[in-house]
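One structure is given here, and the rest of the page talks about it.
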Amino acid sequence: MPELPEVETVRRGLAPVFAGRRLTAVRLNRPDLRFPLPDGFVQRLSGARVETLERRAKYLLASLDRGDTLVMHLGMSGRFEIDRPAAGAAERPGGFRTRVEADAKHAHVIFETDEAVRVTYYDPRRFGFMGLIETKALGQHAWFKAMGPEPLGPDFNAAYLNAAFAGRRQGPKTLLLDQRIVAGLGNIYVCEALHRARIPPLAPAGGVSRANIAALTGAVRAVLTEAIAAGGSTLKDYAAADGALGYFQHAFRVYSREGQPCLRPGCRGTVARIVQGGRSTFFCPVCQR
DNA sequence: CTCAGCTCCTGCGGGC
DNA sequence: TGCCCGCAGGAGCTGA
């Protein structure tokens, strides 16, 4: 389920246990996630040293000293759990934990490092996937080749988005979810950004004014920055005592708030829900016009 | 090229 | 209480 802020939160939690460490053991509890894991996955990882753990859009990239990069995507329900046997307690850096996910049957991949730290990948729905790609060729790989700019980077700006929206009849909602246009947004943050910028989700993107597009790029940056600072959003959680759950869900202005009052000061609208491309869009029909 | 619709998978919560 | 249905933070594929 994670979008960019959640993946970034996971990255920050995992980096201290992965970066600079050697993988002493890797175990697979099944041969595939969403896609089959590559041939020799375990062998190619075992004994390799992780140099850095970075993020591109919703992907985690662990570059290895052997010239490969371990690429990980959490799909809808992927989650990592760190176990430090010495400390005895488990941490949940991404906070994506439910009663069900706690079930060992969804522990698909287990890494162990030379500090005897165990990192377990859980993914009940198995929409997540992993790959092992030659680092030099990463940019040419199908997963990254056509990927749009990072929404928090310099290439995502009003001029760029203006060009991307020009002449398009699809709504801004659909286009912002397209990772080829901008990479890292998902359903929550697109809904929130459109609301902040007061842009209707359904009207043709080609008709959005330059001023509104400029406001939209600012809104995207703001909502992502705030969400990262909050540790992301945790939708399905139970009261874990470790404090690692994200809390940006309390700052949602429209997402998952159908029938509730619009939170824009002075607006008397009621949040509506429509379906676009099979996904829920939450918006305020009064102020997003 | 663009766009709508469907698919993968499992679990949960609401309504009857 | 139990069952059925709709829905879920993603993204790739098909076919018009």
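Every number in this text was worked out from the coordinates using simple rules, so none of it is lab data. Being a predicted model, the structure only gives us computed values, none of them experimental. Because the Cβ atoms are built from the backbone with ideal geometry, glycine has one as well, and the counts that use them run over all protein chains shown.
Sorted from fewest to most neighbouring beta carbons within 10 Å, what does the list A:Glu192, A:Glu51, A:Glu226 look like? Write down the numbers at each step before the final one.
On the way: A:Glu192 27, A:Glu51 17, A:Glu226 14.
Ordered from fewest to most neighbouring Cβ atoms within 10 Å, A:Glu192, A:Glu51, A:Glu226 come out as A:Glu226, A:Glu51, A:Glu192.
Using the count of nearby Cβ atoms within 10 Å as a rough guide to exposure, how do A:Glu6, A:Glu115 rank from fewest to most?
Going from least to most buried by this count: A:Glu115, A:Glu6.
Treating the angle as unsigned and between 0 and 90°, give the value, to the nearest 10°, between the Cα long axis of helix A:187-196 and the longest Cα principal axis of chain A.
With both axes taken from Cα atoms, the answer is about 30 degrees.
Would you grab the residues whose amide H sits under 5 Å from the one on A:Gln276? Only those 5+ places off in sequence or on another chain, please, with H modelled 1.01 Å from N.
Amide H neighbours of A:Gln276, under 5 Å, 5+ apart: A:Thr281.
Please give the calculated 222 nm ellipticity per residue for chain A, where each DSSP H segment of at least 4 residues contributes -39500 (n - 2.57) and the sum is spread over every residue; nearest 500 deg cm²/dmol?
Working: 7 runs with 68 residues, N = 289.
Taken over chain A, the calculation gives -7000 deg cm²/dmol.
Taking a cut-off of 32 Å, what percent of all Cα-Cα pairs in chain A are separated by more than that?
So the portion of pairs separated by more than 32 Å is 29 percent.
Given a 10 angstrom Cα cut-off, can you work out which residue in A:Pro265, A:Pro172, A:Pro16 is the most mobile in a GNM of chain A?
Greatest mean-square fluctuation among the candidates belongs to A:Pro265.
What is the distance in Å between the Cα centres of segment A:149-167 and segment A:170-234?
Here the answer is 11 Å between Cα centres.
Could you line up A:Arg79, A:Arg126 from fewest to most neighbouring Cβ atoms inside 10 Å?
Final ranking by Cβ density, sparse to dense: A:Arg126, A:Arg79.
Of A:Lys136/A:Lys236; A:Lys145/A:Lys236; A:Lys58/A:Lys236; A:Lys105/A:Lys173; A:Lys136/A:Lys173, which ones are farther than 28 Å apart at the Cα?
As for pairs spanning more than 28 Å Cα to Cα, those are A:Lys136/A:Lys236; A:Lys145/A:Lys236; A:Lys105/A:Lys173; A:Lys136/A:Lys173.
Ordered by packing density, taken as the mean number of other Cβ atoms within 10 Å over each peptide's residues, highest first, how do A:270-277, A:158-165, A:71-78 rank?
In descending order of packing, they fall as A:71-78, A:158-165, A:270-277.
Using the reciprocal of the averaged 1/r over all distinct C-alpha pairs, how large is the Kirkwood radius of segment A:158-283 in Å?
Working: mean 1/r = 0.0658 Å⁻¹.
Evaluated over segment A:158-283, this radius sits at 15.2 Å.
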